[in-house]
1. Could you work out how far the C-alpha centroid of region 30-51 sits from that of region 73-96, in angstrom?
2. Sketch the reach of a paramagnetic label on F189 as a point 7 Å from Cα along Cα-to-Cβ, and name the residues of region 30-50 whose backbone nitrogen lies under 13 Å away.
3. Can you pull the percent of the chain's accessible area that's carbon plus sulfur, 1.4 Å probe, other chains left in place?
4. Over region 97-163, what number does the Rg to Rh ratio reach, with both radii from the alpha-carbon atoms and Rh per Kirkwood?
5. With no solvent and one equal point scatterer per Cα, compute the Debye intensity ratio I(q)/I(0) for region 59-139 at 0.23, 0.25 Å⁻¹ and report its log10, rounded to two decimals.
6. Determine, from the Cβ-Cβ distance of S175 and K131 and an R0 of 25 Å, the FRET efficiency 1/(1 + (r/R0)^6), rounded to the nearest 0.05.
7. Taking C-beta distances below 4.7 angstrom as the pairing criterion, name the unpartnered cysteines of the chain, in sequence order.
8. Order the following by accessible area, largest value first: R121, R41. Probe radius 1.4 Å; ligands, DNA and RNA are ignored.
Amino acid sequence: MTDQTAPTALDLPPLEPLPAGMQKYFGICQDKLGMVPNVLRAHAFDENKLNTFSALYNELMLGDSGLSKLEREMIAVAVSAVNGCFYCLAAHGAAVRQLSGDPKLGEMLVMNYRVAPLDARQRAMLDFAVKVTKASTEIEEADREMLRQVGFSDRDIWDIANVTGFYNMSNRVASATGMVPNDEYHAQFR
């Protein structure tokens, strides 16, 4: 691990030595990303927690879906903006900049997705994700139908809801534990 600062405000040191599976996973992250994301380092005190978190993240964000990787990252940013999650805004804002090739889009989504030049599909998706975040009990069939009208399948709607739910959970954990984003995120893909 290159960053020796604590990933959260909690005193939860990583397992020593790191189990072989964790070492391998962190090595892959270092090779691909140039760092080990602090969200993973934060889970390194418990191998099962890291494996569970990583498996869910990988399935939702990288698994087979009618949503592109960029669309899933856009959801992460819009949800994190509502929740004011510094960690996720830094990390996923960088991912939006990378995947879109547009630093301005990444910043717009971080600050207010409504000012971004989105197509009807993306706007409906983010409107839905924000409504789920702010008032999930108010979701009605008309909200799901609006997504269908712009081309989302019911499977896609399931994925939008799950990505949204995952980031609502992750935002709350990151905020509650004082999770800090890796410094590298702030300068990436600008």
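The values are calculated or read from the model by the stated rules, or taken from the named source; none is laboratory data. Just so it is clear, the model here is predicted, and its values are computed rather than measured. As a convention, Cβ positions derive from the backbone with ideal geometry for all residues, glycine included, and neighbour counts pool all protein chains shown. Just so you know, the surface numbers come from the protein's heavy atoms only, side chains and all, with ligands and any DNA or RNA stripped out. Shrake-Rupley method; radii C 1.70, N 1.55, O 1.52, S 1.80 Å.
1. Comparing the Cα centres of region 30-51 and region 73-96, I get a distance of 18 Å.
2. The answer is 33, whose backbone nitrogens lie closer than 13 Å to the label point.
3. Working: 5420 of 9710 Å².
Carbon-and-sulfur percentage of accessible area, whole number: 56.
4. Details: Rg = 12.6 Å, Rh = 12.7 Å.
Reported Rg/Rh, Kirkwood definition of Rh: 0.99.
5. -1.13, -1.30
6. 0.75
7. C29
8. Most to least solvent-accessible, the answer reads R121, R41.
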